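The numbers here are math on the coordinates, done by the rules we state, and not lab data. Owing to the predicted nature of the structure, the values given are computational and were not obtained by experimental measurement. Positions of Cβ are backbone-derived with ideal geometry, glycine not excepted, and every protein chain shown enters the neighbour counts.
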Amino acid sequence: MRGMHTVFHTEPLAYTGHQLRSHWIYEIFGLQGDAIVAFRGPCRVELSEMVDREDAFAGADIRAAEMLHLIAEQFDRDLTRAVLRQRLLICMIAERLQWVPGMPLPRRDGDDLYIGERKLTVSIATVSPVSTLIHVGINVDPSGAPVAAVGLAEWGIDVDALAEELLSAYATENADIYLATCKVRGVQ
């Protein structure tokens, strides 16, 4: 069975957008094949590193004092599948946050989550010559964000525990999806 590697890197690491490239996970963490990694750190994506062309054309860079970053690389080249995986991951985050005492329910709008009108996440899915890539950044401390934003620190969420839970859940979901494709017979 195909498995997905996971790692939570506990040392702070800044996200600049440069990490969203093929084999970055392999180069930095030694994980070859499908993988998802999580780490915490500031976020500052300059326009030159923007993958989202709509944001780049609008001159909208991405900044926050601290985010929980999730980067997934999967070795197929189907961008539509990657966007579906990205939205699945966003839904999984919302599902886990709905149980946080006192936290309003997150609202999903496309590939991002909001609390009221304040933005909680940033995310993108893209394709490389050999793989698809997803980045999701969940605000912990949104200070410096160029839009109205909210962070997990506001509700005292254990960010490290959330990271571990999301890594495990995403890997399990992908394994279950693969097994679901193996148990059905074709119809004509």
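Between Cys182 and Trp155, the simple label model (points 7 Å from Cα in the Cβ direction) yields a spacing of 3.6 nm. The chymotrypsin sites (Phe, Trp or Tyr not before Pro) of region 1-105 meeting both criteria, a DSSP state outside H, G, I, E and B (loop) and at most 12 other C-beta atoms within 10 angstrom of the site's C-beta, are Trp99.
Can you tell me the 0 to 90 degree angle between the C-alpha axis of helix 159-182 and the longest principal axis of the chain, rounded to 10? On a 0 to 90 degree scale, this one is about 30. Quick check on region 125-188: what does the Kirkwood estimate of hydrodynamic radius come out to from the alpha carbon pairs, in Å? Answer for region 125-188: a Kirkwood hydrodynamic radius of 15.3 Å.
Just Ala161, Ala82, Ala14 to compare: in a GNM of the chain, with alpha carbon springs under 10 Å, which one fluctuates most? Among Ala161, Ala82, Ala14, the largest mean-square fluctuation in the Gaussian network model of the chain belongs to Ala161.
For region 5-182, the relative contact order is 24 percent, taking Cα pairs closer than 8 Å that sit 6 or more residues apart in sequence and dividing their mean separation by the residue count. Contact order, relative form, for region 1-104: 26 percent (alpha carbon pairs under 8 Å, 6 or more residues apart, mean separation divided by residue count).
Per DSSP helix of 4 or more residues, -39500 (n - 2.57); summed, then divided by the residues of the chain. What does that give at 222 nm, rounded to the nearest 500? Numbers along the way, then the final one.
Details: 4 runs with 55 residues, N = 188.
Mean residue ellipticity at 222 nm (helix-derived): -9500 deg cm²/dmol.
Quick note on the chain: its Rg to Rh ratio, both from C-alpha atoms and Rh being the Kirkwood radius, is 0.96.
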